[in-house]
Amino acid sequence: MAAKLRKGDKVVVLAGKDKGKEGTITSVDPKAGKAVVDGINIAIRHTRQTQNSQGGRLPKALPIDLSNLALLDKNGKATRVGFRMEGEKKVRFAKTTGDVIDA
């Protein structure tokens, strides 16, 4: 299946403890169907001190399911993503406005 959400996309959370929050995707795992969004789904990880790092209780962004994320269009509203051909190129577009997401 084509990637509707990609690294660098601005998204809003639709469900879960962070519902309504916005952020940017930092990484996507298409096989697991999850993405890491900065500032969303934060958990405290206890890490041991090493020569290179301080250690302690460090916040870490955990993966969130792609079905719980929606792309933000140019108006700042959640939208679904569609695909269409423009010439020889397949592009993503926002269903609410019809604008092309990535040229």
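A few notes on this one:
- Hits in region 87-103 (condition: open to solvent by 70 Å² or more (accessible area, probe 1.4 Å) and touching a strand residue (DSSP E or B) at 6+ places or on another chain (Cβ under 7 Å)): K90, K95, T96
- The set of residues from region 46-100 being hydrophobic (A, V, I, L, M, F, W, C) and without any contact (Cβ under 8 Å) to a residue 60 or more places away in the chain comprises L58, A61, L62, I64, A70, M85, V91, F93, A94, V100.
- Test: A43 is within 17 Å of R80 (Cβ to Cβ), without any contact (Cβ under 8 Å) to a residue 60 or more places away in the chain and in a strand (DSSP E or B): no
- Considering residues of region 1-47 that are among the basic types (K, R), under 9 Å from the mean Cα position of the chain (by Cα) and closer than 16 Å to N68 by Cβ only, the residue least open to solvent (accessible area, probe 1.4 Å): K34
- Flag if V91 is modelled with pLDDT of 95 or more and part of a strand (DSSP E or B): no
- Output for region 48-83, where each listed residue is modelled with pLDDT of 90 or more, open to solvent by 80 Å² or more (accessible area, probe 1.4 Å) and among the charged types (D, E, K, R): R48, R57, K60, K77, R80
The values are calculated or read from the model by the stated rules, or taken from the named source; none is laboratory data. These numbers were taken from a predicted model, which means no experiment stands behind them. Cβ coordinates were reconstructed from backbone atoms using ideal geometry, including for glycine residues, and neighbour counts include every protein chain displayed. Note: accessible area is taken over every heavy atom of the protein model, side chains too, but ligands, DNA and RNA are not part of it. Shrake-Rupley method; radii C 1.70, N 1.55, O 1.52, S 1.80 Å.
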